[in-house]
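The values are calculated or read from the model by the stated rules, or taken from the named source; none is laboratory data. Keep in mind the model is a prediction, meaning the values are calculated, not measured. So basically every Cβ, Gly included, is an ideal-geometry build from the backbone, and we count neighbours across all protein chains shown.
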């Protein structure tokens, strides 16, 4: 692997019939940058067009500590005070998640360490998830950024965790561990950090030996049932109310200054 490839925000590896997409910003716990988001979208599109892979594994490059994806870069959120920018951020993120859900082959999330915000949404879009004991999954936005999710993303989380668990996660502003997700059957197994790559490959290879049309049809049917009744433009008001708020700008400033935000509810 060349130095240029090692420095790329996303790495691709092929292991037999399984394509691996590896988030590669370990110094910032693989936080999603615009470059990584674009690279992910292009890679997913290329996998769909090529058609030779029979499964995809998503995971994060390990730094000093393991991390799947620690949310999005805070710099991008700092620009979201403008209502149009807030909507654009959500819609662009939705484009990537929809592309993952539209793949005709099974997808696996191998999660360790931080799996927060955009990382948690990406994992929720995968068909199968496995987790290391180090996993910390969720959306602590009620104590960190003060924004909200789109209706589609709330629907994804409810589909994965259930409504009560989703609400408890947001209202407690805590990150869930692997045991929490196993209790909701959101993950298939808990695997040691140093074994998770091997297990992810095993799980992906097992999926490639099953009837591909059955797996694809099941995913698409469940997505249609999940998305039934979710309006495509029914959340602009709640998104702009949060993203354009004084609270969110204060929260970003507080995060960067490493202090507690002062919430005013406006």
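Remark: pairs (first residue in the stretch 225-236, at negative phi and outside any loop (DSSP other than H, G, I, E, B); second residue surrounded by 12 or more Cβ atoms within 10 Å (Cβ to Cβ) and at pLDDT 80 or above; Cβ separation under 7 Å; 6+ apart in sequence or on different chains) = 226/155; 226/159; 227/155. Looking across the stretch 159-179, the residues that are touching a residue at least 40 places away in the same chain (Cβ under 8 Å) and either under 24 Å from residue 222 (Cα atoms) or assigned to a helix (DSSP H, G or I) (or both) come down to 159, 178.
If only one of 233, 227, 247 is at pLDDT below 95 and surrounded by fewer than 12 Cβ atoms within 10 Å (Cβ to Cβ), which one is it? Talk me through it step by step, then tell me what you get.
Details: 227 fails: surrounded by fewer than 12 Cβ atoms within 10 Å (Cβ to Cβ); 247 fails: surrounded by fewer than 12 Cβ atoms within 10 Å (Cβ to Cβ).
Checking each option against the conditions leaves just 233.
With the condition kept exactly as written, say whether any residue in the stretch 145-167 is within 23 Å of residue 67 (Cα to Cα), touching a helix residue (DSSP H, G or I) at 6+ places or on another chain (Cβ under 7 Å) and surrounded by fewer than 17 Cβ atoms within 10 Å (Cβ to Cβ). Within the stretch 145-167, not a single residue is within 23 Å of residue 67 (Cα to Cα), touching a helix residue (DSSP H, G or I) at 6+ places or on another chain (Cβ under 7 Å) and surrounded by fewer than 17 Cβ atoms within 10 Å (Cβ to Cβ). A Cβ distance below 8 Å, combined with a sequence gap of six or more or placement on separate chains, defines the contacts here; from the stretch 34-55, residues that are touching a residue at least 60 places away in the same chain (Cβ under 8 Å) reach residues that are assigned to a loop (DSSP other than H, G, I, E, B) and surrounded by fewer than 19 Cβ atoms within 10 Å (Cβ to Cβ) in the pairs 54/17; 55/17.
Answer yes or no: is there a residue in the stretch 188-205 that is within 27 Å of residue 95 (Cα to Cα), in contact with a strand residue (DSSP E or B) (Cβ under 8 Å, 6 or more places away or on another chain) and not in a helix (DSSP H, G or I). Checked the stretch 188-205: at least one residue is within 27 Å of residue 95 (Cα to Cα), in contact with a strand residue (DSSP E or B) (Cβ under 8 Å, 6 or more places away or on another chain) and not in a helix (DSSP H, G or I). Residue 179 fulfils the conditions (1) surrounded by fewer than 14 Cβ atoms within 10 Å (Cβ to Cβ); (2) modelled with pLDDT of 95 or more; (3) out of contact with any strand residue (DSSP E or B) (no Cβ under 8 Å at 6 or more places or on another chain) except for a single criterion, (3). On the stretch given as the stretch 182-204, residues that are more than 27 Å from residue 227 (Cα to Cα), crowded, with 18+ Cβ neighbours inside 10 Å and touching a helix residue (DSSP H, G or I) at 6+ places or on another chain (Cβ under 9 Å) total 1.
Taking residue 261 as the residue in question, decide whether it is assigned to a loop (DSSP other than H, G, I, E, B), surrounded by 18 or more Cβ atoms within 10 Å (Cβ to Cβ) and at negative phi.
Details: assigned to a loop (DSSP other than H, G, I, E, B): yes; surrounded by 18 or more Cβ atoms within 10 Å (Cβ to Cβ): yes; at negative phi: yes.
Here the answer is yes, as residue 261 does meet what is asked.
Here are some residues: 210, 222. Which one is surrounded by fewer than 16 Cβ atoms within 10 Å (Cβ to Cβ), at pLDDT 90 or above and not in a helix (DSSP H, G or I)? Walk me through it before giving the result.
Working: 222 fails: not in a helix (DSSP H, G or I).
Going through 210, 222 in turn, the sole match is 210.
Here residue 128 meets each of (1) closer than 23 Å to residue 28 by Cα; (2) at pLDDT 95 or above; (3) surrounded by fewer than 24 Cβ atoms within 10 Å (Cβ to Cβ) with one exception, condition (1).
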